[in-house]
Each structure stands twice: as C-alpha cells, then as structure tokens.
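Each value in this text was obtained by applying a stated rule to the coordinates, not by laboratory testing. Quick caveat: nothing in here was measured; it's all calculated off a predicted structure. Every residue, glycine among them, receives a Cβ derived from its backbone with ideal geometry; neighbour counts consider all protein chains shown.
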Amino acid sequence: MNGFPFFCVAGAGFDAHISQLFAKNKKRGFSGYIKSALREIRLYQPARYEVKSGGKVIREKAFLVSIANASQYGNNAYIAPGASTSDGLLDVCILQPFPFYRYPEMALRLMTRRIQSSRYMRTVRGKEITVLREAEGPVHLDGEPQHMGNQLDIRVMPSSIAVIVP
C-alpha cells in the first residue's frame, strides 16, 4: 500500500482507527483491542470512499475498507473468509454503515466466517486497487498503524517474500 508492504490485511476506516488507538494503549492482547473497539464504535463516523479494481468503480460510504491477502485479521476474526495468499488476488471488503443494534450480529459474523453473507458487506477482487477517501488519515498494515494520504494504491507483488519452512 503506497509502497509499504503488508502480508495479511490492510485497511482504512474503523479498523485503522482502532489500530491507531490500540498502538497507544499500554494494555496489549485481544481484550485491550476489544475494549478500544467497544469504546469507539458509537462515536466513529463512516466516510465516503471510491474503490477502483479491475475496471470496476464503487463509490459509497463505508464503515471500513479492508484489503485482504489472507482471510483474517488475527484472533479468528475473518474479514475475508474466501481470501487466499496463493491466488494472486486481493479481496477488497467494503463494510457499509449498519445500525447500532446490529453490532453484536456483525461481530458474530466476523468470528464465524459469515461476514461476507451480510447485506452490508461488498467484496471485489483485484491485483491492483486504488482507494480514494475524503481526507488523509490512519490506515493499518497487518494491524500496524500508519498515516497516509487520501489516495491509497495497493498492488499484489507475486513471489516477493521468501518463507523458510522446516
């Protein structure tokens, strides 16, 4: 993304906002992340995005836009259950704003690999993606917060990582 590598999932929106807050938190682990998310979820304001991938252009307000090379953020939270690190494609997951009373349902869908079946989730795939957002701000690269401009250029770089296995 904009020249910075990530392996599993990168994104903008709510997950990037929480990643930024969590990085400042002294308490680590899943519980610290959940506490930050629960504290912020009612305050967070979705933004307008334009996502370009494979000749398709999607313009809409979104709670988050995640670009997934792998299926999960971590801790068994599956943002892109169909994503594969070996298919040469990125899954762009656009989660539209949803009513507050649906937060528990959406969390359950995330943890049970069913987020893609929600009417609030839209997914496109591509090798090169451009995300335009209203303003610069936080993004995350595999959960690590960064600050980037309003244009995010993401592309697959095949065979760009060497893995050592026993």
Legend entry - At most 14 other Cβ within 10 Å, DSSP loop - GluC sites (Glu not before Pro), the range 78-166: Glu134, Glu136
Legend entry - P(r) histogram, all alpha-carbon pairs of the range 17-105 included - 10 Å bins from 0, percent: 14, 40, 37, 9, 0
Inset, instruction - Take every Cα pair under 8 Å in the range 1-142 that's 6+ residues apart, average their separations, divide by the length, and report that relative contact order as a whole percent. - result: 32 percent
Inset, instruction - Take peptides 138-144, 31-37, 154-160, 52-58 and line them up by average Cβ neighbours within 10 Å, highest first, as a rough protection proxy. - result: 138-144, 31-37, 52-58, 154-160
Legend entry - Using distinct alpha-carbon pairs, which all enter the 1/r mean, Kirkwood radius of the range 101-159 in Å: 14.1 Å
Inset, instruction - Send over the per residue convex hull volume for the range 54-107, Cα only, as a whole number of Å³. - result: 85 Å³
Inset, instruction - Within the set of other residues whose C-beta is less than 11 Å from the C-beta of Arg155, count the net charge using Lys and Arg as +1 and Asp and Glu as -1. - result: -1
